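Engineer: Sharing a structure, written as structure tokens. Questions coming.
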Amino acid sequence: MNNSVANFEKYGLINANISYSEVANTFLTSGYTSSAGNTYFNSIRVAEGILIKEDVGVGYAHSFLNGLRIYSIKDQTLIADKSFHTVYYSVSRVKAESKMMLLDVLQTAATNEGYAFDYFQAEALVDKILNKAIHSNQVEVLRQQTQKYLLAS
């Protein structure tokens with residue numbers, strides 16, 4: 001896992017203080033606590049060709065999704081970014097928001113290139129990718145994606 005994580009670090013996607021949470025099945029950055037007592041950190045999920053970085057805030061009563069950034073692993077570029085205000089955190093919310101963001105990117109790309117866009121086919125593919133990011137062991141997915149995209153470069 002350490003070599004895979006180091007590959008992401010050199011692209012500036014995560015900091016050096018990360019750990020894998022078996023309970024959450026995600027990689028977590030070290031957080032910081034504000035003077036108001038809220039804790040902020042990133043949760044990172046890997047899927048086929050993409051990395052999803054969740055900006056999470058934990059207050060006294062609730063956890064919040066403050067933002068989502070989706071990166072292309074192959075190109076090491078940001079492909080979608082969205083900020084939130086007062087949105088309760090849940091994995092299902094992360095999936096739903098990520099799905100909308102990815103479908104928008106795909107539809108825009110298809111339109112710009114003059115291709116027809118089959119929304120239902122794209123939705124099925126994005127669902128499959130996001131389900132793997134949520135339900136498959138993230139250490140193994142990271143290893144596979146690192147070998148496929150980063151070590152081949």
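Engineer: All but one of (1) in a loop (DSSP other than H, G, I, E, B); (2) surrounded by 11 or more Cβ atoms within 10 Å (Cβ to Cβ) hold for residue 116; which doesn't?
Structural biologist: Going through the list (1) in a loop (DSSP other than H, G, I, E, B); (2) surrounded by 11 or more Cβ atoms within 10 Å (Cβ to Cβ), residue 116 breaks only (2).
Engineer: Determine the pairs where a residue that is under 17 Å from residue 83 (Cα atoms), located within the range 59-70, has a partner that is polar (S, T, N, Q) with Cβ atoms under 6 Å apart, the partner being 6 or more residues away or on another chain.
Structural biologist: Filtered contacts from the range 59-70: 67/83.
Engineer: Turning to a different aspect of this structure: Report yes if some residue within the range 124-131 is touching a strand residue (DSSP E or B) at 6+ places or on another chain (Cβ under 7 Å), of a type in the set (D, E, K, R), surrounded by 12 or more Cβ atoms within 10 Å (Cβ to Cβ) and without any contact (Cβ under 8 Å) to a residue 40 or more places away in the chain; otherwise report no. I'd like the intermediate steps shown before the answer.
Structural biologist: Residues of the range 124-131 that are touching a strand residue (DSSP E or B) at 6+ places or on another chain (Cβ under 7 Å), as a first pass: 129-130.
Right, trim to of a type in the set (D, E, K, R) and you get none.
No.
Engineer: Which residues, taken from the range 81-99, are among the charged types (D, E, K, R) and either under 23 Å from residue 25 (Cβ atoms) or open to solvent by less than 80 Å² (accessible area, probe 1.4 Å) (or both)? Reasoning before the result, please.
Structural biologist: Taking the range 81-99 first, the residues among the charged types (D, E, K, R) are 81-82, 93, 95, 97, 99.
Correct list: 82, 93, 95, 97, 99.
Engineer: Looking at this structure, is residue 94 within 17 Å of residue 132 (Cα to Cα) and in a loop (DSSP other than H, G, I, E, B)?
Structural biologist: Numbers: within 17 Å of residue 132 (Cα to Cα): yes; in a loop (DSSP other than H, G, I, E, B): no.
Spelling it out, it is not the case that residue 94 is within 17 Å of residue 132 (Cα to Cα) and in a loop (DSSP other than H, G, I, E, B).
Engineer: Please state which one of 102, 142 is touching a helix residue (DSSP H, G or I) at 6+ places or on another chain (Cβ under 6 Å), farther than 26 Å from residue 30 by Cα and open to solvent by less than 40 Å² (accessible area, probe 1.4 Å). Even if it seems obvious, please write down each step before you answer.
Structural biologist: Numbers: 142 fails: farther than 26 Å from residue 30 by Cα.
Within the list 102, 142, the selection yields 102.
Engineer: Among the candidates 36, 80, 24, which residue alone is among the hydrophobic types (A, V, I, L, M, F, W, C), outside any strand (DSSP E or B) and farther than 18 Å from residue 139 by Cα? Write out each step before concluding.
Structural biologist: Values: 80 fails: outside any strand (DSSP E or B); 24 fails: farther than 18 Å from residue 139 by Cα.
So the residue among 36, 80, 24 that is among the hydrophobic types (A, V, I, L, M, F, W, C), outside any strand (DSSP E or B) and farther than 18 Å from residue 139 by Cα is 36.
Engineer: Let me ask something additional. Identify all residues within the range 90-115 that are of a type in the set (A, V, I, L, M) and either at pLDDT below 95 or closer than 18 Å to residue 21 by Cβ (or both); write none if there are none.
Structural biologist: Of all residues in the range 90-115, those of a type in the set (A, V, I, L, M) come to 91, 94, 96, 100-103, 105-106, 109-110.
Within the range 90-115, 91, 94 meet the criteria.
The values are calculated or read from the model by the stated rules, or taken from the named source; none is laboratory data. Because the structure is predicted, anything quoted here is derived from the model rather than measured. For neighbour counting, all protein chains shown are included, and Cβ atoms are generated from backbone atoms with ideal geometry for every residue, glycine included. Heavy atoms of the whole protein, side chains included, go into the accessibility calculation; ligands, DNA and RNA do not. Shrake-Rupley method; radii C 1.70, N 1.55, O 1.52, S 1.80 Å.
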